[in-house]
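Asker: Pasting in a structure now, in structure tokens, and then I'll have a few things to ask.
The values are calculated or read from the model by the stated rules, or taken from the named source; none is laboratory data. Keep in mind it's a predicted model, so treat the numbers as computed, not measured. Cβ placement follows ideal geometry from the backbone for every residue including glycine, while neighbour counts extend to all protein chains displayed. Each accessible area value is taken on the protein alone, full model and side chains, heavy atoms only, with ligands, DNA and RNA left out. Shrake-Rupley method; radii C 1.70, N 1.55, O 1.52, S 1.80 Å.
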Amino acid sequence: MMFDLVISGGTVATAADTFRADIGITDGRIAALGEGLEGADSIDAGGRLVLPGGIEAHCHIAQESATGGMTSDDYRSGSISAAFGGNSCFIPFAAQHRGKGVTETLDLYDSRAMGASVIDWSYHLIVADPTETVLRDELPAAFARGITSFKVFMTYDLMRVDDAQFLDILTVAKTHGALTMVHAENSGMIAWMTRRLLEAGHTAPRYHAPSHPALAESEAINRAISLARLVDAPLLIVHVSTPEGAGLVHDARLAGAKIFGETCPQYLFLTRDDLDRPGMEGAKFMCSPPLRDTATQEALWRHIQGGTFSLWSSDHSPYRFDDTGKLAKGTDAHFGQIANGMPGIGLRLPLLFSEGVNKGRITLQQFVALSASNAARLYGLPQKGSIAIGMDADIAIWNPQETRTVTVKDQHDNMDYTPFEGRKLTGWPTTVLTRGRRVVEDGRLIATPGDGRFVARERIDLTGHPGATVPELDPATNFGVKVAP
Ligand SMILES: [Zn+2]
């Protein structure tokens with residue numbers, strides 16, 4: 001039997017196993033795992049690790065903020081930098097803004113992604129305006145077109161939903177088998193802290209950290225989990241940045257609730273001290289929730305090791321250090337006027353491989369789970385996230401021994417800085433395939449924009465998360481009210 005392509009001689013790893021095998025690929029799918037396979041085309045993976053291609057599940061690409069700022073990466077540069085970072089697929093956001101419909105928002109993002117992406121993609125839909133029409137017609141229509149995750153914000157004045165709106169969205173999502181995601185921070189605490197700091201004359205980027213207290217995150221996570229439990233709906237807390245927040249996710253999971261957690265490299269590799277740089281330099285390290293401290297880093301590693309977090313995502317939010325991005329409001333803007341977010345789509349996996357796998361903090365299996373397999377299951381991508389017969393040939397070939405020093409010049413995004421500049425990392429992806437097609441090979445871009453495809457996603461798999469109905473919402477017990485005999 002002759003395959004279209006054979007990847008030979010590599011060490012294959014999935015979220016379950018590590019084994020030696022050739023991979024036979026035909027029609028973009030994995031057709032065989034075996035020894036001595038023959039193909040019309042071949043890639044020698046001797047001495048290399050052959051892993052499922054990464055799924056980058058939290059990144060902001062060609063997205064305008066509610067105040068009009070645009071990310072510096074579009075679907076071309078964003079997908080190329082994702083591919084160089086070991087990813088075969090990514091799921092950026094399609095952001096509904098107030099006054100706009102969901103369907104027109106998805107059409108807009110289709111026009112931005114189609115013909116531009118080099119890897120497969122989908123969107124998470126940000127819901128900022130849950131009108132009657134949106135809840136009744138447009139969210140079900142989005143689900144029917146394969147958008148099976150909806151994101152809400154508890155902060156940012158132009159984006160946030162209140163608790164009742166949040167419950168409505170959770171309920172619609174649950175009905176259709178979609179996953180709700182939440183940016184959980186207490187909006188009032190942030191506004192109040194910001195006002196106090198500015199009144200005291202504290203305007204520099206370093207005051208971004210105290211303006212978003214750790215309590216603002218843990219309060220909002222606790223509230224978000226409580227809302228999800230009230231309606232027994234699945235909920236993912238994105239970019240958890242505090243031990244308290246991670247603890248709440250852990251406890252809710254232990255209780256059987258359908259709660260999932262995500263954390264990001266910046267919370268494990270940077271601290272709020274990085275904000276404390278001369279002039280506006282600290283703006284490069286502003287993201288929300290903000291960077292914390294070294295004790296937090298250690299605690300978050302424990303939660304990664306213990307399985308609290310299902311996802312490890314970059315939260316790539318590219319705003320350049322110029323007047324198109326961080327300095328749009330001038331070089332004397334106060335911290336509350338500076339765009340939040342930092343780049344990292346190409347470094348998410350090398351950081352976790354080098355400091356996680358190579359330093360013995362996590363197993364290669366945990367790495368694969370966090371880089372691809374868990375996202376595939378949570379976000380309804382059953383064809384992706386593992387190396388098994390019949391699955392899409394989304395594959396990343398890694399050189400586990402190669403050491404490189406991170407520099408902005410080697411990044412393929414459209415950014416003018418990387419917050420990880422100068423860091424020495426061991427273990428890098430060398431070749432990445434999407435559906436059996438070479439996207440990147442030995443450090444060169446092979447694919448052309450438009451080679452990637454939109455992937456219609458399926459409902460979330462909630463096996464192992466029993467949930468529970470609270471008496472107040474249970475008609476079978478008359479909503480917990482005793483009826484006189
Ligand atoms: Zn984000």
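Asker: Give the shape of segment 290-373 as rounded, prolate or oblate, defined through the alpha-carbon gyration tensor: a ≥ b ≥ c are the square roots of its eigenvalues, a/c under 1.5 means rounded, and otherwise the shape is prolate if a/b is larger than b/c and oblate if not.
Answerer: Values: a/c = 3.11, a/b = 2.17, b/c = 1.43.
Prolate, since a/c reaches 1.5 and a/b exceeds b/c.
Asker: OK, next. What do you reckon, how do T463, T242 stack up by accessible area (1.4 Å probe), largest on top? The partial results should precede the final answer.
Answerer: Details: T463 110, T242 0 Å².
The ranking, largest first, comes out as T463, T242.
Asker: Same structure, new question: Within 10 Å, count the other beta carbons around each residue, average over each peptide in 340-348, 278-286, 229-237, 195-203, and list them highest first. All intermediate terms of the calculation are to be shown ahead of the outcome.
Answerer: Values: 340-348: 27.3, 278-286: 19.1, 229-237: 22.6, 195-203: 12.7.
Result, highest mean Cβ count within 10 Å first: 340-348, 229-237, 278-286, 195-203.
Asker: Additional query: Would you work out the relative contact order for segment 208-280, in percent, from Cα pairs under 8 angstrom that are 6 or more residues apart? Display every interim value, and only then the final one.
Answerer: Numbers: 64 pairs, mean separation 22.2, N = 73.
Contact order relative to length: 30 percent.
Asker: While we're looking at this one, here's another question. Between segment 86-162 and segment 425-485, what's the alpha-carbon centroid distance in Å?
Answerer: Each part reduced to its Cα centre gives a spacing of 15 Å.
Asker: What is the P(r) of segment 393-437, as percent of Cα-Cα pairs per 10 Å bin from 0?
Answerer: Calculated over all Cα pairs of segment 393-437, the distribution is 25, 39, 32, 4 percent.
Asker: For the charge dipole of the chain, defined by +1 on Lys and Arg C-beta atoms and -1 on Asp and Glu C-beta atoms about the Cα centroid, which residue among M114, Y156, L37 has the Cα displaced farthest towards the positive pole?
Answerer: Result: Y156, furthest along the dipole toward the positive end.
Asker: Would you work out the charge dipole size for segment 366-460 about its Cα centre, treating the Cβ of every Lys and Arg as +1 and the Cβ of every Asp and Glu as -1, and quote it to the nearest 20 debye?
Answerer: Details: 13 positive and 11 negative charges, 56 e Å.
Taking the Cα centre of segment 366-460 as origin, the dipole is about 260 debye.
Asker: Follow-up. Across segment 380-392, in residue order, what do the Karplus-derived ³J(HN,Hα) couplings come to in whole Hz, using 6.51 cos²θ - 1.76 cosθ + 1.60 with θ = phi - 60° and x for Gly and Pro?
Answerer: Computed from phi, the couplings for segment 380-392 are x, 10, x, 7, 10, x, 8, 10, 8, 5, x, 7, 3 Hz.
Asker: Once you list every other residue whose beta carbon is under 15 Å from the beta carbon of I362, what net charge do they have if Lys and Arg are +1 and Asp and Glu are -1? Walk me through the numbers before you get to the answer.
Answerer: Details: positive: R302, R348, K359, R361; negative: E298, E355.
Overall, the nearby charge balance is +2.
Asker: Over the alpha carbons of segment 1-56, what is the largest minus smallest coordinate on each principal axis, giving the biggest first in Å?
Answerer: 29, 24, 16
Asker: Something else now. Please give the charge dipole size of segment 97-242, origin at the Cα centre, charges +1 on K and R Cβ atoms and -1 on D and E Cβ atoms. Round to the nearest 20 debye.
Answerer: Working: 13 positive and 17 negative charges, 68 e Å.
Here the size comes out at about 320 debye.
Asker: Placing unit charges on C-beta atoms (Lys and Arg positive, Asp and Glu negative, everything else neutral), compute the dipole magnitude of the chain about its Cα centre in debye, rounded to 20.
Answerer: On the way: 44 positive and 57 negative charges, 105 e Å.
Value, rounded to 20: 500 debye.
Asker: Kirkwood hydrodynamic radius, segment 243-315, all distinct C-alpha pairs: what's the number in Å?
Answerer: On the way: mean 1/r = 0.0762 Å⁻¹.
Averaging 1/r across every pair of different Cα atoms and inverting gives 13.1 Å.
Asker: Could you tell me the extents of segment 22-122's C-alpha atoms along the three principal axes, largest first, rounded to whole Å?
Answerer: 59, 25, 19
Asker: Once you put a point 7 Å from the Cα of F19 and another 7 Å from the Cα of I446, both along the Cβ direction, what distance in nm separates them?
Answerer: 2.5 nm
Asker: I want the local charge near G480. Using Cβ-Cβ distances under 14 Å, sum +1 for each Lys or Arg and -1 for each Asp or Glu among the other residues.
Answerer: Values: positive: K482; negative: E472, D474.
Computed value for this residue: -1.
Asker: Then there is this: Indicate the gyration tensor shape class of segment 380-479 (rounded, prolate or oblate), computed on the Cα atoms with a ≥ b ≥ c the square roots of the eigenvalues: a/c under 1.5 is rounded; otherwise a/b larger than b/c is prolate and the rest oblate. Walk me through the intermediate numbers first.
Answerer: Working: a/c = 2.74, a/b = 1.93, b/c = 1.42.
Since a/c reaches 1.5 and a/b is larger than b/c, the shape of segment 380-479 is classed as prolate.
Asker: May I ask you to compute the full-extension gain from A476 to A144, defined as 0.36 nm times their residue separation minus their alpha-carbon distance, rounded to one decimal in nm?
Answerer: Working it through step by step, the gained length comes to 116.5 nm.
Asker: Right, something else. Testing the spin-label approximation: label points 7 Å from Cα along Cα→Cβ at E281 and S226. State their distance in nm.
Answerer: Rounded to a tenth, the inter-label distance reads 4.3 nm.
Asker: So, in nm, how far is label W301 from label T331 when the simple model puts each one 7 Å beyond its Cα toward the Cβ?
Answerer: Simple spin-label model gives 3.9 nm for this pair.
Asker: Using the Cβ atoms and a cut-off under 13 Å, what net charge is assigned to the surroundings of A246, where Lys and Arg are +1 and Asp and Glu are -1?
Answerer: Working: positive: R253, R292, R302; negative: E217, E244, D251, E262, E298.
Every neighbour counted, the sum reads -2.
Asker: Now a separate question. How high is the FRET efficiency from R196 to T67, r the C-beta distance, R0 22 Å, rounded to 0.05?
Answerer: Working: r = 23 Å, r/R0 = 1.02.
After rounding to 0.05, the efficiency reads 0.45.
Asker: Here is a follow-up. Answer rounded, prolate or oblate for segment 302-455, using the Cα gyration tensor with square roots of eigenvalues a ≥ b ≥ c: rounded when a/c is under 1.5, else prolate when a/b is larger than b/c, else oblate. Display every interim value, and only then the final one.
Answerer: Values: a/c = 1.63, a/b = 1.47, b/c = 1.11.
Since a/c reaches 1.5 and a/b is larger than b/c, the shape of segment 302-455 is classed as prolate.
Asker: For segment 159-248, what does the relative contact order come out to in percent, with C-alpha contacts under 8 Å and a separation of six or more?
Answerer: Over segment 159-248, the number comes to 41 percent.
Asker: Ok, one more. In nm, what is the difference between 0.36 nm times the number of residues separating D44 and T469 and their Cα-Cα distance? Working shown, then result.
Answerer: On the way: separation 425, 0.36 × 425 = 153.00 nm, distance 5.33 nm.
Between D44 and T469, full extension yields an extra 147.7 nm.
Asker: Taking segment 212-353, how much of its Cα-Cα pair set, in percent, is spaced more than 20 angstrom apart?
Answerer: Values: 4969 of 10011 pairs.
Here the tail beyond 20 Å accounts for 50 percent of pairs.
Asker: Right, here's the next one. As a check on your grasp of the helix formula, calculate [θ] at 222 nm for the chain: sum -39500 (n - 2.57) over DSSP H runs of n ≥ 4, divide by the residue count, round to the nearest 500. It would help to have the intermediate numbers written out before the result.
Answerer: On the way: 13 runs with 121 residues, N = 485.
For the chain, the value works out to -7000 deg cm²/dmol.
Asker: If you average over every viewing direction, what projected area does the convex hull of the Cα atoms of segment 57-106 give, in nm²? Walk me through the intermediate numbers first.
Answerer: Details: hull surface 15.4 nm².
In nm², the orientation-averaged hull projection of segment 57-106 is 3.9.
Asker: Please find the FRET efficiency linking T171 to L215, where r is the Cβ-Cβ separation and R0 is fixed at 22 Å, and quote it to the nearest 0.05. All intermediate terms of the calculation are to be shown ahead of the outcome.
Answerer: Numbers: r = 28 Å, r/R0 = 1.28.
The calculated FRET efficiency here is 0.20.
Asker: If you don't mind, there's one more thing I want to ask. Using θ = phi - 60° and the Karplus curve 6.51 cos²θ - 1.76 cosθ + 1.60, what whole-Hz ³J(HN,Hα) does each residue of segment 276-290 get, with Gly and Pro shown as x?
Answerer: In residue order, the calculated couplings are 8, 10, x, x, 9, 3, x, 4, 5, 10, 8, 8, 10, x, x Hz.
Asker: Right, next: Within 10 Å, count the other beta carbons around each residue, average over each peptide in 263-269, 421-427, and list them highest first.
Answerer: Details: 263-269: 23.4, 421-427: 15.3.
Put in order of decreasing packing, that is 263-269, 421-427.
Asker: More than 31 Å apart: what percent of Cα pairs in the chain qualify?
Answerer: Numbers: 48485 of 117370 pairs.
Tail fraction, whole percent: 41.
Asker: Something else about it: Would you compute, for the Cα atoms of segment 80-193, the largest minus smallest coordinate along each principal axis and list the three values in descending order, in whole Å?
Answerer: Principal extents (Cα only, largest first): 41, 36, 25 Å.
Asker: Place the peptides 146-156, 74-84 in order of packing, highest mean first, counting for every residue the other Cβ atoms within 10 Å and averaging per peptide.
Answerer: On the way: 146-156: 22.3, 74-84: 27.6.
Packing proxy ranking, top to bottom: 74-84, 146-156.
Asker: Given V406, C287, L349, which one lies farthest toward the positive end of the charge dipole of segment 280-425, if we put +1 on the Cβ of every Lys and Arg and -1 on the Cβ of every Asp and Glu?
Answerer: Positive-end residue among those listed: L349.
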